[in-house]
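Asker: I have a structure here, written as structure tokens, and I will follow up with some questions on it.
The values are calculated or read from the model by the stated rules, or taken from the named source; none is laboratory data. Predicted model only: the values in this text are computed from it and were never measured. Positions of Cβ are generated from backbone atoms using ideal geometry, with glycine treated the same way; all protein chains shown enter the neighbour counts. Surface areas here come from the heavy atoms of the whole protein model, side chains and all, with no ligands, DNA or RNA. Shrake-Rupley method; radii C 1.70, N 1.55, O 1.52, S 1.80 Å.
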Amino acid sequence: MDAGHGGRDSGARARGLVEKQLALDVAKRVRSELWPSFKVVMMRDSDYFVELDNRVNIANRYGNSILVSIHFNYGARRRAGPETYYWRSDSYALARRVQQNLSAVAPYESGNAGLVRRRLRLTRNPALPCILVECGYLTNANEAKLVATSSYRERLAEAIAKAIRDQSQYGDAGMGPIPRPIYAPPSKATDARD
């Protein structure tokens, strides 16, 4: 379980909220939801920074695993709702389950990207199913008020954990056609952002 950012990298800051703190809180809650049925390895369990390539290397040490990276978004004030990014074909069903579960929890959705195939270091480079989850927009006033509450962050964690359990139990069944693989070089820090 990867709590995005950390240490010197605060991530998004808006409306008095700090992404690195929220991401760690949700990641710990997901871990609690999954324990003891799943062994959950945390990329970080307190406020320190882990380089993205090190996160990939750590993930690759564990066979028969998945990488879920937790984040919160920053953007136009009208945007709200979760977004889930994947690149690998073997990550699609998990990403779709997470996006569906988070959308069912999120009362506000406006102008968000939803489920997106995007080549990032944490969606392309690990040698295992891997997704990056943006749990909502800190810049949206209504969503930020919710995210600030412990009860809403618990609901987000429950939604993510349920998707992980369902993916483990059912595999790709019921998630529609799996996208074809796209062969592209590993993502690097110097890649252009879209």
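Asker: In the range 177-193, how many are surrounded by 11 or more Cβ atoms within 10 Å (Cβ to Cβ) and farther than 12 Å from ASP53 by Cβ? Even if it seems obvious, please write down each step before you answer.
Answerer: Filtering the range 177-193 for residues surrounded by 11 or more Cβ atoms within 10 Å (Cβ to Cβ) gives 178-179, 182, 186-188, 191.
Okay, now just the ones that are also farther than 12 Å from ASP53 by Cβ, so 178-179, 182, 191.
Number of matching residues: 4.
Asker: Go through the range 41-83 and count every residue that is assigned to a helix (DSSP H, G or I) and acidic (Asp, Glu).
Answerer: So the count comes out to 1.
Asker: If you don't mind, another one. Return yes or no: is VAL30 open to solvent by less than 20 Å² (accessible area, probe 1.4 Å) and under 22 Å from GLN167 (Cα atoms)?
Answerer: For VAL30, the condition - open to solvent by less than 20 Å² (accessible area, probe 1.4 Å) and under 22 Å from GLN167 (Cα atoms) - is met.
Asker: Right, another one. Out of (1) in a strand (DSSP E or B); (2) among the small types (Gly, Ala, Ser); (3) farther than 29 Å from PRO181 by Cβ, the odd one out for GLY11 is which?
Answerer: (1) is the only condition that GLY11 fails.
Asker: If I filter the range 107-126 for residues that are modelled with pLDDT of 95 or more, in a helix (DSSP H, G or I) and farther than 27 Å from VAL50 by Cα, do I get at least one hit?
Answerer: No: the range 107-126 contains no residue that is modelled with pLDDT of 95 or more, in a helix (DSSP H, G or I) and farther than 27 Å from VAL50 by Cα.
Asker: Which of the residues that make up the range 46-67 are farther than 22 Å from TYR86 by Cβ and open to solvent by 80 Å² or more (accessible area, probe 1.4 Å)?
Answerer: Within the range 46-67, ASP47, TYR48 meet the criteria.
Asker: Any residue in the range 84-101 that is over 26 Å from PRO185 (Cα atoms) and part of a strand (DSSP E or B)?
Answerer: No; the residues of the range 84-101 include none that is over 26 Å from PRO185 (Cα atoms) and part of a strand (DSSP E or B).
Asker: Follow-up. With the requirement that a residue be under 25 Å from ALA144 (Cβ atoms) and out of contact with any helix residue (DSSP H, G or I) (no Cβ under 6 Å at 6 or more places or on another chain), what does the range 23-41 give you?
Answerer: ALA23, LEU24, ALA27, LYS28, ARG31, SER32
Asker: Just to be sure before I move on: is ARG155 open to solvent by 50 Å² or more (accessible area, probe 1.4 Å), over 26 Å from PRO186 (Cβ atoms), in contact (Cβ under 8 Å) with a residue 60 or more places away in the chain and basic (Lys, Arg) in the structure I sent?
Answerer: No, not satisfied.
Asker: Something else about it: Which pairs do you get when a residue that is under 23 Å from TRP87 (Cα atoms), found in the range 103-116, comes within reach of a residue that is open to solvent by 80 Å² or more (accessible area, probe 1.4 Å) and at pLDDT 95 or above, reach meaning Cβ atoms under 6 angstrom, with the pair 6+ apart or on two chains?
Answerer: Final answer for the pair search is GLY111/ARG78; GLY111/ARG79; ASN112/ARG79.
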